[in-house]
1. Collect residues whose amide H, placed 1.01 Å from N in the peptide plane, falls under 5 Å from the amide H of residue 252; neighbours closer than 5 in sequence don't count.
2. Between their Cα atoms, which of 9/40; 40/132; 236/267; 102/135; 40/73; 256/288 are more than 22 Å away from each other?
3. Residue by residue through the range 282-288, which ³J(HN,Hα) values in whole Hz follow from phi under the Karplus form 6.51 cos²θ - 1.76 cosθ + 1.60 (θ = phi - 60°), with glycine and proline marked x?
4. Taking the Kirkwood radius as the inverse of the mean 1/r across Cα pairs, report the Rg/Rh of the range 224-296.
5. Give me the net charge for the shell around residue 232: Cβ to Cβ below 11 angstrom, other residues only, Lys and Arg +1, Asp and Glu -1.
6. I'd like the projected area of the range 92-201, averaged over all directions, using the convex hull of its alpha carbons. Report it in nm² with one decimal.
7. Under a plain spin-label model, where a point goes 7 Å from the Cα along Cα-to-Cβ, how far apart in nm are residue 134 and residue 119?
8. Once phi is turned into ³J(HN,Hα) by the Karplus curve 6.51 cos²θ - 1.76 cosθ + 1.60 with θ = phi - 60°, what whole-Hz value does each residue of the range 155-167 show in order, with x for glycine and proline?
Amino acid sequence: MIIVEHLTKRYGDFTAVSDLSFQIEEGHVYGFLGPNGAGKSTTMNIMTGCLSATMGHVRINGYDIFEEPDQAKRLIGYLPEQPPLYMNETPLEYLKFVGEAKGLRGRKLAAQIASVVEQTKLGEVGNRLISKLSKGYRQRVGIAQALLGNPGVIILDEPTVGLDPLQIIEIRDLIRQLGREHTVILSSHILSEVQAICEKVLIIAKGRMVAFDKPENLEKLLVPSNTVSFVAEAEKKEIDEILGEIEAAVDWQLKKAGEGSVHVDVKIEFGEPTDVCRSIFTAFAERKKALLELTSKKANLEDVFIELTETAFAGEAPAVNVEEGEKTPEDEMEENGIKESEIHERKIQESPAKKCQ
Ligand code: ADP
Ligand code: MG
């Protein structure tokens, strides 16, 4: 189980992640969903021990990622947003290197490599240079390195970005398979993606959590997008009276539909749109007023996402002043790099993500 408590990350006076708390249970596929810049990668980098937090805790099966990084990191496989691949190596050479960096040796290493190559279907390209592989295959290599050591948790940052539609389908299938044996957390800014793969979705906007629920419950959560529309032969006053008595109807707009008839869009905040339809139907029938049309529209996850992320924390200033003497992100990244094993340092280049295996 992963416990994230009051996680906050500041870059100078900008707060990228603000007071994020959630728990990840074993054996499910979770999605971090949020627009670009929401704080997904920052959160994942902290959860995997690649970046320090300004405040808060992350515990992986009881191990604190900051205080017991070795034990905690062993339980996680991570595919960063920029996969740390070495173009002039083959997948097999690269996997051997990563496996060794994770402490695997000899037969155990060979068996692990064989297993992840099979899982990610890399067999055919094992000896080709990574630079010659398609983006889809490179992503498989990135996932394969995350799987080495058979960690219980696999964290994948935007695993399908830049892939073509066929590759996306293949990688999604692979992620679903991984979800049978691992806890998987993936990030995405694409709704349909998390909807297609994830059992639970954490929506994050401007560094804060706006929702954490099953995809089907999220649709119920964002009620403002639920609407009921009708066309009735009635006066504005009567319509206002009828809707005023329906608690779930929070707002409505009228426009002329035809001679003597009005089209009304009603915003529903609580309850099911179909219940509101029933109330409207009964109210008009009791007053002997003709209802010419009556339809309801439920919010889908797309609506939830757009509405939640656009309106979340509107008008609030996310910035928090930094105390004097607080470390800059660059300082922290450098500290992280120093902690890495010697063999790994040999290849660490400019990208911070490369320090994150
Ligand atoms: P996401 O992965 O959801 O697109 P990120 O976690 O990468 O978002 O970024 C969250 C916010 O933090 C963004 O506004 C981004 O510009 C900012 N940010 C990320 N890394 C740094 C950094 N090293 N220095 C300053 N700001 C950063
Ligand atoms: Mg990102």
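1. Amide H neighbours of residue 252: 267.
2. Violating the 22 Å limit, Cα to Cα: 40/132; 102/135.
3. 5, 4, 5, 5, 4, 8, 6
4. Details: Rg = 10.9 Å, Rh = 11.9 Å.
Here Rg/Rh amounts to 0.92.
5. Numbers: positive: 236, 287, 289; negative: 233, 235, 238, 293.
Computed value for this residue: -1.
6. Working: hull surface 27.3 nm².
The Cα convex hull of the range 92-201, projected and averaged over all directions, gives 6.8 nm².
7. Label-label distance for residue 134 and residue 119, simple model: 2.3 nm.
8. Once θ is set to phi - 60°, the couplings for the range 155-167 become 10, 10, 8, 6, x, 10, 5, x, 8, 7, x, 5, 4 Hz.
Bear in mind that the values in this text are calculations on the coordinates, not laboratory data. Note that the structure is predicted; figures quoted are calculated from it, not measured. Please note: Cβ atoms are built from the backbone with ideal geometry, for glycine as well, and neighbour counts cover all protein chains shown.
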